[in-house]
Amino acid sequence: MVAQSLFPALAPTIEWRDGDLLLLDQTRLPHEIVVEHVADAAAVWRAIHELRVRGAPAIGVAAAYGLCVAVQDARALPLAQFRAELERRARWLDTARPTAVNLSWSLRRMLQRVLTCGASDTAALYDALVDEAQQIHAEDQALCEGIGRHGMPLIGQGSGVLTHCNAGALATTGLGTATAPIYAAHREGVTFKVFADETRPLLQGARLTAFELQQAGVDVTLIMDSAAASIMSQGLVDLVIVGTDRVAANGDFANKIGTLGVAIAAKHYGIPFYVACPSSTLDFRTPSGAQIEIEERCDEEVTHIAGQRTAAPGIKVRNPAFDVTPQELVTGFITERGIVRAPFERSLGSLFPAAGNAA
Ligand code: MRU
């Protein structure tokens, strides 16, 4: 299934067109559909940092093409100098956001290709980079398809599914991760309801998840983050599926702030809690959630709503963009190769012995 056919009115999340990188600006959705031409290294960094492209898998694909864009002005350099510039710019792009491991995974993979491609001049090396980025892009779509296939049977006729943030088509270049089973079940004619948490402070649930599910004809209801436990207590939720930005070797995982609360509430009400996780988001170099760096974002995201100040001037603010959910709250990880259950260190390791972020 091609994601684009679900959203005929939307541009692709990411497009590579004859050497140009085009990004659907997610900060403008759902009110405006604006495609940004990202023309240099600084613009790539800003697009990722400012969440115009966001969601772990989409960040990975954007970074791969972004590295190609970032070195376009260096193509006249001799090979050795070009390689040095490439490494320097890749290191810099890697600082755009810290939590989603897909960013460093994708840039590392691009640099690995440099080492193995055997190019004898700069032009050949650049072509190899573009080829690698296109492979990462195509693989991302296949990972979503696999997650959809394996996760679909979890969604029963007449059931309720709750999700948090946007781990949807907009967060990937395919069907999404948490939404892939939803789209697959919808395609098969299963009737079910989705509850989308609005996801303070940047409202990815309200602006993106509710929007894309509505566009695709899925029965979706938008709820406040603080309503999730109450909706669960009423027996309306049979299953939670969320996405992830990084899964540590022991199965602890980072995802959008608020995910931990959803997991705790799901445990309280005995609701299965699944994490949709492509192998590009596995990080076996990180032993547990305690070592995952959590992005802290600016105060204004919390003190203002739609540009209007809502909190008293001078108030102290904390704005962690992600939280870590301990593995004991996870029922299973839905991966492109199947559903993985505890003990996760063993099950993830044996299903993905050579995962992209393996130690
Ligand atoms: O800050 P964002 O919007 O990039 O956060 C996105 C999430 O937390 C997603 O759930 C995660 O990246 C998985 S996307 C398939």
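The values are calculated or read from the model by the stated rules, or taken from the named source; none is laboratory data. Quick caveat, the model's predicted, so the values are computed rather than measured. Note that each Cβ is placed from the backbone with ideal geometry, even for glycine, and that neighbours are counted across all protein chains shown.
The table below gives the values:
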{"item": "Flag if S120 is polar (S, T, N, Q), over 30 Å from G270 (Cα atoms), modelled with pLDDT under 95 and outside any strand (DSSP E or B)", "result": "yes"}
{"item": "Extreme residue, farthest from the ligand (Cβ to nearest atom), among residues of the stretch 309-330 that are part of a loop (DSSP other than H, G, I, E, B) and under 26 Å from A342 (Cβ atoms)", "result": "P326"}
{"item": "Flag for P201 being in contact with a Leu (Cβ under 7 Å, 6 or more places away or on another chain) and either modelled with pLDDT under 95 or assigned by TED's automatic domain parsing to the domain that holds G307 (or both)", "result": "no"}
{"item": "Count of the stretch 261-273 residues which are in contact with a strand residue (DSSP E or B) (Cβ under 6 Å, 6 or more places away or on another chain) and surrounded by fewer than 19 Cβ atoms within 10 Å (Cβ to Cβ)", "result": "1"}
{"item": "All positions within the stretch 55-105 that are more than 16 Å from the ligand (Cβ to nearest atom), assigned to a loop (DSSP other than H, G, I, E, B) and of a type in the set (V, I, T)", "result": "V71"}
{"item": "Subset tally (residues that are surrounded by fewer than 17 Cβ atoms within 10 Å (Cβ to Cβ) and closer than 22 Å to Q135 by Cα) for the stretch 37-58", "result": "3"}
{"item": "Set L208, L175, L143: member being surrounded by 22 or more Cβ atoms within 10 Å (Cβ to Cβ), among the aliphatic types (A, V, I, L, M) and assigned to a loop (DSSP other than H, G, I, E, B)", "result": "L175"}
{"item": "Residue that is nearest to I59 (Cα to Cα) [pool: residues in the stretch 8-33 that are among the β-branched types (V, I, T) and surrounded by fewer than 17 Cβ atoms within 10 Å (Cβ to Cβ)]", "result": "T27"}
{"item": "Those residues of the stretch 331-341 which are part of a loop (DSSP other than H, G, I, E, B) and either in contact (Cβ under 8 Å) with a residue 24 or more places away in the chain or on the phi > 0 side of the Ramachandran plot (or both), in sequence order", "result": "T331, E336, R337"}
{"item": "Selection within the stretch 1-32 - β-branched (V, I, T) and at pLDDT 95 or above", "result": "T13, I14, T27"}
{"item": "Any hit, the stretch 152-166, residues being within 16 Å of the ligand (Cβ to nearest atom), in a helix (DSSP H, G or I) and touching a residue at least 24 places away in the same chain (Cβ under 8 Å)", "result": "no"}
{"item": "Yes/no for V161 being touching a Ser or Thr at 6+ places or on another chain (Cβ under 8 Å) and of a type in the set (A, V, I, L, M, F, W, C)", "result": "no"}
{"item": "Members of the stretch 178-197 found to be farther than 16 Å from G243 by Cβ and not in a helix (DSSP H, G or I), listed by number", "result": "E188, G189, V190, T191, F192, K193"}
